[in-house]
Amino acid sequence: MLTEMTSPVFREKGKERPPIRFKKGLNVVLGKEDGENSIGKSSTLLAIDFVFGGNSYLSSDGVKHMGDHPIFFTFEFEGTSYYFARHTADAEIIHVCSKSEEGYNPTGIKWTKAQFTTWLAEKYHIDFPGLSFRETMSSFFRIYGKENTDERRPLKGLPGENMEKSIAVLVKLFNRYGDVEVFNNRLSEQTNKLKAYREARKYRFVPDLVGGKTQFDENTAQIRSLQVELDNLTMEQVEGEKEIDIEKSRAKSELQGTKLRLETDIQSKQRKLKLLDLSLEYGLYPTEADLSSLQEFFPGVNIRKLYDVEKYHQKLAAILDEQFEAERQAVNAEIEELQAQVQAVQAQVQAVQAQITELGFVGNLSKEFLDKHSEIKGRIDALKAQNEAYLTLTDLQDAKKKADTLLKRAIRDILADIEHAVNDQMKEYNDTLYVEAHKPPNLHFNEYNSYHFETPDDTGTGSNYKGMVVYDLAVLNLTALPAIAHDSLILKNIGDGSVDGIMKIYAQSTKQVFIAFDKQAAYKPDTNKILKDNMILKLSDGNCQLYGESWNKEVS
């Protein structure tokens, strides 16, 4: 729990205030009898919220007027004290400290605010699945300036937070999130599957069916029509033959066509190879015998000149020989690959032929028949693929809808349990506030994203504020929530009799309750005694404000 808080800007009569000591149960920041504001009651509560990881203090009057400053504080868990400092100029960093008689001393170890609040959640044993420690604490630290003091919406914790988010925080605080997590994960999985399938259709990785159920019905009718046409074609051309026979015959025809193309390619490559072999064998340049024969017919020819030219040709021929040899090797490789393909195709042809022979099919189907048969069969297969895509889509949509229904049903059951527990506890507290029985505040969840909170037949301001306080106390008692804070503006709006009863409930709490209070003389002696016994800080005029000065008085 929080045991101490101090800052050099907390002053009294010109001197730094001694550390503010906190205790288990109720902790009261007491103001003046006349209820005057601007002495630091709300700022004190905001500073407490600040040491729990909140940020609202950064916008407080204290920071505006005193400038940036550090706040030092101590938490104690299981008999061990932990010392920290947090500075308003760098509020995202928490400094781990040691403590001596001189005060707090930074050790150089720094935590992020997220690390610090995670540590607090673990120490308070409130590290439930999906629960944010700060979001939870903020919901129940109701201080002027935090925008969570709407008495008609007590579940609202953060500015702009909708009902669904508020309800989700309460479910997690009751540690029931794990009960719905499996349904939530199932819904997420189905949602992701549906999204992925739609993306696949968008990019044509699977058949895309436009038109939904209408297109599906049209496709079904067209498939029936094409199937009749295919059946008639088969009966006319190959009566008595099975579809599997035709498929194998068509496969054989296609494979034979492939084999013929490969053999043609091989023949072409082999012709090219013969030309290369001739070039390499006989050469592309004249020999010495060729030149001697030339001199016999042309005695005056310049043989030297011809030899010079021929030397150049020999060099060129050497280069061409290398190119011819390289191309020859490449062509040989192509031929080997084609021959391998031919062998594979031939094996397929033989396999198909063996199957046809085994079935006793000896017919000779024409190419025209096979082409026509293939065309109709292809159209049928395409339409069936479209319909399969539609059915897959509807299955995914149904699965997502079912997962969503199961999730909402699980949440509805959990909310019913929470509603029952909170209402029972609020009734128990409410009954202690009055001599005669009064209707207690009532929480009702309409859905997972909607709730209603009111005191039946009593919707006045005082009753609504009382209901909000009783709600906070009920949640504090029923859950692992470690602390709550109520500013004086909340308690001022509640009738005096109800406040006297609320003080008794505060005083019985074993968890920390921080309140700001004033006008104490207007209440019963028992209430004044509770306030006095649990006072941790007394603020007043005369340089006894939280910061040792007031900013709301005009200086002449």
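The values are calculated or read from the model by the stated rules, or taken from the named source; none is laboratory data. None of the values given here were measured: they were computed from a predicted structure. Heads up, the Cβs are rebuilt from the backbone with ideal geometry, glycines too, and the neighbour counts pull from every protein chain shown. Remember, those area values only see protein heavy atoms, side chains included, never the ligands or the DNA or RNA. Shrake-Rupley method; radii C 1.70, N 1.55, O 1.52, S 1.80 Å.
Observations on the model:
- Residue identified as in contact with a helix residue (DSSP H, G or I) (Cβ under 7 Å, 6 or more places away or on another chain), of a type outside the set (V, I, T) and at negative phi among L396, L391: L396
- Applying the criterion of being in contact with a helix residue (DSSP H, G or I) (Cβ under 8 Å, 6 or more places away or on another chain) and outside any helix (DSSP H, G or I) to the residues of region 162-195, the residue that is most open to solvent (accessible area, probe 1.4 Å) is R176.
- Residue within region 142-150 that is closer than 30 Å to G79 by Cα and free of Cβ contacts under 8 Å to residues at least 24 places away in the same chain present: no
- In region 144-158, the residues that are surrounded by fewer than 17 Cβ atoms within 10 Å (Cβ to Cβ) and over 22 Å from F445 (Cβ atoms): E147
- Only one of L406, L481, L433, L396 that is at pLDDT 85 or above and either in contact with a Phe, Trp or Tyr (Cβ under 7 Å, 6 or more places away or on another chain) or among the basic types (K, R) (or both): L481
- Contact annotation: residue pairs with Cβ atoms under 7 Å, 6 or more positions apart or on different chains, pairing a residue in region 504-528 that is within 25 Å of I39 (Cα to Cα) with a partner that is at pLDDT 90 or above and open to solvent by 70 Å² or more (accessible area, probe 1.4 Å), are Q512/K24.
- All of (1) over 15 Å from P440 (Cα atoms); (2) in contact with a Ser or Thr (Cβ under 6 Å, 6 or more places away or on another chain) hold for K492 with one exception: (2).
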